[in-house]
Amino acid sequence: MTHLMVKVTDFAIVGPYTLRITFDDGTEQTINFEPVLYGYYYAPLRDLDFFRQVRLDAEVATVVWPNDADFEPATLYNWHRGDGAELAQKVARWHKAQVGLAERASSHQRQVGQAEHTRTARQQTAFSEREAA
């Protein structure tokens, strides 16, 4: 299997979360990144002011943001050939799993809190009964 060797040579911000990217072979891709902006590195890019801080890193030949978030040039090159959709599906599954974990943790915290409240109420009742006796 061969790995596509392309370089990003230029880009322009053309809309919210959207870049027009130029590659070393002269081709261009216009990519809306919004569907993949989740997770540790990519979620900060949902802030449009932060997204607009994108720059071209000539050393790695791709676009990079101040938090070091970037995309493999070959992924950008093949974004509309399925790489973008594949990445969006993976991110959506990951995001759904993270939301599910957070919801379960929150539910568990509510249950623990309710159990603690019930235990405290029982202790107060028992103390009151002892004081009354």
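What are the pairs with Cβ atoms under 9 angstrom where one residue, in segment 62-91, is outside any helix (DSSP H, G or I) and at pLDDT 90 or above and the other, located anywhere, is loosely packed, with under 14 Cβ neighbours inside 10 Å and among the hydrophobic types (A, V, I, L, M, F, W, C)? Sequence gap at least six, or different chains.
Correct list of pairs: 70/60; 78/4.
Can you find a residue in segment 103-112 that is modelled with pLDDT under 65, out of contact with any Lys or Arg (no Cβ under 9 Å at 6 or more places or on another chain) and either of a type in the set (A, V, I, L, M, F, W, C) or surrounded by 16 or more Cβ atoms within 10 Å (Cβ to Cβ) (or both)?
Within segment 103-112, one or more residues are modelled with pLDDT under 65, out of contact with any Lys or Arg (no Cβ under 9 Å at 6 or more places or on another chain) and either of a type in the set (A, V, I, L, M, F, W, C) or surrounded by 16 or more Cβ atoms within 10 Å (Cβ to Cβ) (or both).
Here are some residues: 49, 10. Which one is more than 16 Å from the chain's Cα centre (by Cα) and in a helix (DSSP H, G or I)? Step through it out loud before you land on a result.
Values: 10 fails: in a helix (DSSP H, G or I).
From the options 49, 10, the qualifying one is 49.
So which residues in segment 16-41 are under 16 Å from residue 53 (Cβ atoms) and surrounded by fewer than 15 Cβ atoms within 10 Å (Cβ to Cβ)?
Matches in segment 16-41: 16, 18, 41.
Which of the residues that make up segment 19-43 are touching a Phe, Trp or Tyr at 6+ places or on another chain (Cβ under 7 Å), in a strand (DSSP E or B), under 22 Å from residue 92 (Cβ atoms) and not aliphatic (A, V, I, L, M)?
29, 32 - these are the residues of segment 19-43 that are touching a Phe, Trp or Tyr at 6+ places or on another chain (Cβ under 7 Å), in a strand (DSSP E or B), under 22 Å from residue 92 (Cβ atoms) and not aliphatic (A, V, I, L, M).
Residue check: is residue 87 in contact with a strand residue (DSSP E or B) (Cβ under 9 Å, 6 or more places away or on another chain) and of a type outside the set (Lys, Arg)?
Against the criterion (in contact with a strand residue (DSSP E or B) (Cβ under 9 Å, 6 or more places away or on another chain) and of a type outside the set (Lys, Arg)), residue 87 does not qualify.
So which residues in segment 62-80 are among the small types (Gly, Ala, Ser) and surrounded by fewer than 17 Cβ atoms within 10 Å (Cβ to Cβ), if there are any at all?
Once the filter is applied, which keeps residues that are among the small types (Gly, Ala, Ser) and surrounded by fewer than 17 Cβ atoms within 10 Å (Cβ to Cβ), segment 62-80 yields only 74.
The values are calculated or read from the model by the stated rules, or taken from the named source; none is laboratory data. Treat the numbers as computed from the prediction; the structure is a model and nothing was measured. Because the Cβ atoms are built from the backbone with ideal geometry, glycine has one as well, and the counts that use them run over all protein chains shown.
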